[in-house]
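Notes follow the structure.
The values are calculated or read from the model by the stated rules, or taken from the named source; none is laboratory data. Keep in mind that this is a model prediction, so the values were computed, not measured. All Cβ positions, glycine included, derive from the backbone under ideal geometry; neighbour counts span all protein chains shown. With ligands, DNA and RNA removed, areas are computed over all heavy atoms of the protein, side chains included. Shrake-Rupley method; radii C 1.70, N 1.55, O 1.52, S 1.80 Å.
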There are 2 protein chains.
Amino acid sequence: METFFKVKKPEEVFRIIDRFGPLGDETIPLEEAFGRVLSEDVTSAEDLPCFARSVMDGYAVRAKDTFGANESLPALLEVTGEVVMGQIPKMAVREGQAVKIPTGGMLPEGADGVVMVEYCHLLDETTLEASRSISPLENVIQPGDDFKKGATVLKMGRRLRPQDLGVMAGLGQSEVSVYKKPRVAIISTGDEIVAIGDAPRPGQVRDINRYTLSAFCHRLGAESIYSGLCPDDFDTLKAMVEKSLRLADTVWISGGSSVGTKDLTLKIFETVRDFELLVHGISISPGKPTIIGRSGPTHIIGLPGHVASALVVAEVFLTRLMARLSGQLDDFGGLKMHVKAELTRNIESASGREDYIRVRLFRDGNTVFAQPVFGKSGLISTLVEADGLIKIDMNTEGLYQGQKVTVALL
Amino acid sequence: METFFKVKKPEEVFRIIDRFGPLGDETIPLEEAFGRVLSEDVTSAEDLPCFARSVMDGYAVRAKDTFGANESLPALLEVTGEVVMGQIPKMAVREGQAVKIPTGGMLPEGADGVVMVEYCHLLDETTLEASRSISPLENVIQPGDDFKKGATVLKMGRRLRPQDLGVMAGLGQSEVSVYKKPRVAIISTGDEIVAIGDAPRPGQVRDINRYTLSAFCHRLGAESIYSGLCPDDFDTLKAMVEKSLRLADTVWISGGSSVGTKDLTLKIFETVRDFELLVHGISISPGKPTIIGRSGPTHIIGLPGHVASALVVAEVFLTRLMARLSGQLDDFGGLKMHVKAELTRNIESASGREDYIRVRLFRDGNTVFAQPVFGKSGLISTLVEADGLIKIDMNTEGLYQGQKVTVALL
């Protein structure tokens, strides 16, 4: 226990987490790949599209036959046929000719542009007036305009979005190589904790952290395994930790990490094979009594028992850990869930630690305001009322009313 | 077809969508409720917590016994026992007494505050020096501090977050009443479309929209049903639409809604029982040829065939439709996925329509820049390269380099 209050600064903890590599990969069907992270670059095995196509309904022509055409002096062209969707056109377009073409239709040989139907007027079945001059390639997508054969289409480390699945479909890639989802084993400890179905007697509380942390994992695309609820008993908890280490990529234990008489977590971690203690205490509030260690490739996290503290630690550090395990290299990861807002009042903060303040957001006119939600970290109501967190830096004594703050959405 | 170009403005379309009510509800286990939308208010059946508890490791005392205590003049107290976690304390705290208590322990009768262990010094087994004066209720959570019995804890219409599941667990609510997930049937049409496993011949393309739209549904918490790939044939498509209407809450057909020779979608919609055409054309770009209708309680959407147009329409209008069907009443729905950025160049825009411009985001120092990604809406590469969309209002002729814009993340 001698290391206990050698607390680390948040940036030191980030550096430690950033050393954790991604998990292995697996191949899954494309339709299951949404939200997963690519473990290999995707390259184009062919030109996409693989033929020249029209992006408009109109007439395929030789552009130079329309040069100078306008409403008062339209170009007169001979209509020699029609492109059928999905088929190779049977006819070529020669000088002075036009072929009717639908959006997405394949451009006939000889044509190099499409006059939109709005500028076309049929005098009879085979005579067309085109009242607009087009440039070569106008209204046409050429082979490889999306991606040339061999081009890198998507880079490894990308968390797949709908359109990313779309482009893989376009390339005929029905399977995709992704990093495995992190499996998180969740253990709640404490003699006072009872299962959700039990009526707590005075002195007891229901297991809030299990449900909060499990949903938190799902939000990050991880799988949660509920290992169980454990009394503060050395042998029982040790057995549960060892079993969890075999099942999961990371084990999260909440409770038991404060300096209580029943503090067991670290003692048990230290009995785990090849255990390496990486972090014991972080200079943030709430969340100081956090433990991070590893046993071989498996990460073990000791979280505070208070749900608000546990969730702040999860948001700040375990989001990053999950991104690392998932292989995500997302330059905008941090941006996506942040909102700028104006603070409604002054907040004081002790220097020497990062403070995370829960805030409620509301709009008034065009301004978004952040109103601090104060309350003890043992109260889950503060989290339910809060829309997000703001950070007060270690070397800042506080924030001022009216100041613009960045809110990480909870 | 006479209604075709009576295009509606986006705000008219939003008003139409806002008339669509939520789907029915269902009861599910709490552990499956993350991301679902509450269909009933959650009220507290009991005080939470149901007993007074300490939020610190320390000694439970009568606060007035510590009044005036400090390091040079500590209060001397008699230690009469220890609170065991999860149990009702066996002893009461009388004047001049103290009982050891762990974080989360139940406050003994007579005590009204806790002196943190850091300010306590044991002279012998039963004699304590407390070097700090505490106020009544200091370091204590009282019964009902989270929620009083009968209080509204969560309101219907909330999309459930991790902490919302946590509070329901705290209240012992193992089941939760939520709105059903929207079931979306997806149909791709076009003689030129082939399934992902087939090698397209010249003139053919693979089915990109199926995968893009299906993943889009999953992102919004909806279920997608893939109805199939359909040639531009009246009877085949009609049968597929009718079957989809029986299976789904909303049917989305992409392709076939431009003014092509093969335009069939609307003709088929009009044969559906009780079909009501609500929108035929929207003044946005891309995405103008969008159809919205209903057949009884089921919504039918005709989306443009070009994937970029289809995804813009989905982001702008179908996100809102899905929120309506899901019952979500989220005051911050729009905020969550937006980023402010600075535009890298001027963009022109035609007035009389809303333009949606795809942009790539990048950081330079502390500034986030939005760089327009230009390209035909038939190119999926433009979507893959883009991080988001910016809107140019109907009555604006363009945006300027350096202007701050709001980017909806794609």
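At a 1.4 Å probe, what is the % contribution of carbon and sulfur to the accessible area of the stretch A:269-410? It is 43 percent, rounded to a whole number. For chain B, the longest principal axis of the Cα atoms and the long axis of helix B:234-247 meet at an angle of about 20 degrees. Principal-axis analysis of the Cα atoms of chain A puts helix A:208-219 at an angle of about 20° to the longest axis.
For the peptide A:212-222, the mean number of other protein chain Cβ atoms found within 10 angstrom of a residue's Cβ is 5.
Looking at chain A, the DSSP beta bridges with both ends there are about 70 percent antiparallel.
Of all chain B C-beta atoms, the nearest to the rotation axis linking B with A is recorded, alongside its rounded Å distance, as B:340, 3. The residues of the stretch B:153-219 have, on average, 30 Å² of accessible surface per residue, using a 1.4 Å probe with all protein chains present.
Over chain B, what is the relative contact order in whole percent, taking alpha-carbon pairs under 8 Å and six or more residues apart?
16
Averaged over the residues of peptide A:34-45, the number of Cβ atoms from other protein chains lying within 10 Å of each residue's Cβ is 1. Projecting label points 7 angstrom from Cα along Cα→Cβ for residue B:14 and residue A:199 puts them 5.0 nm apart. Extension gain for the segment residue B:148 to residue B:239, taken as residue separation times 0.36 nm less the Cα-Cα distance, is 27.2 nm to one decimal. Maximal additional length on extending the residue A:246-residue A:95 stretch stands at 47.0 nm, based on 0.36 nm per residue less the C-alpha distance.
To the nearest 10, the accessible area of residue A:235 is 110 Å² with a 1.4 Å probe. For the stretch A:74-181, the relative contact order works out to 22 percent when only alpha carbon pairs closer than 8 Å and six or more residues apart are counted. The same position residue A:243 in the other copies lies at 4.7 nm from this copy, comparing label points 7 Å beyond Cα toward the beta-carbon, shortest first. Surface composition of the stretch B:1-121: carbon plus sulfur atoms contribute 50% of the solvent-accessible area (1.4 Å probe, protein chains only, all chains present). Counting only DSSP beta bridges with both residues in the protein assembly as shown, the antiparallel share comes to about 70 percent.
Under the criterion of Cα pairs below 8 Å and six or more residues apart, the relative contact order for the stretch A:259-389 equals 20 percent. A crude spin-label estimate for the pair residue B:6 and residue A:109, with each label 7 Å from Cα along the Cβ direction, gives 4.8 nm.
R0 = 41 Å: FRET efficiency of residue B:351 with residue A:135, Cβ-based, nearest 0.05? Numbers along the way, then the final one.
Values: r = 25 Å, r/R0 = 0.60.
Given R0 = 41 Å and the Cβ-Cβ separation, E is 0.95.
The distance separating the Cα centre of the stretch B:303-317 from that of the stretch A:216-235 comes to 40 Å. So which of A:267/B:100; B:8/B:288; B:288/B:376; A:404/B:391; A:404/B:340 end up more than 18 Å apart, counting from Cα to Cα? Where the Cα-Cα span goes over 18 Å, the pairs concerned are A:267/B:100; A:404/B:391. In the protein assembly as shown, helices alone account for a calculated mean residue ellipticity at 222 nm of -4500 deg cm²/dmol, with every DSSP H run of four or more residues adding -39,500 (n - 2.57). For the residues of B:93-104, the average number of beta carbons from a partner chain within 10 Å of their own beta carbon is 3. Compared with the direct C-alpha span, the chain from residue A:363 to residue A:342 gains 6.6 nm at full extension, assuming 0.36 nm per residue. Protection proxy ranking for B:296-305, A:63-72, B:35-44, using the average of other Cβ atoms within 10 Å per residue and placing the highest first: B:296-305, B:35-44, A:63-72.
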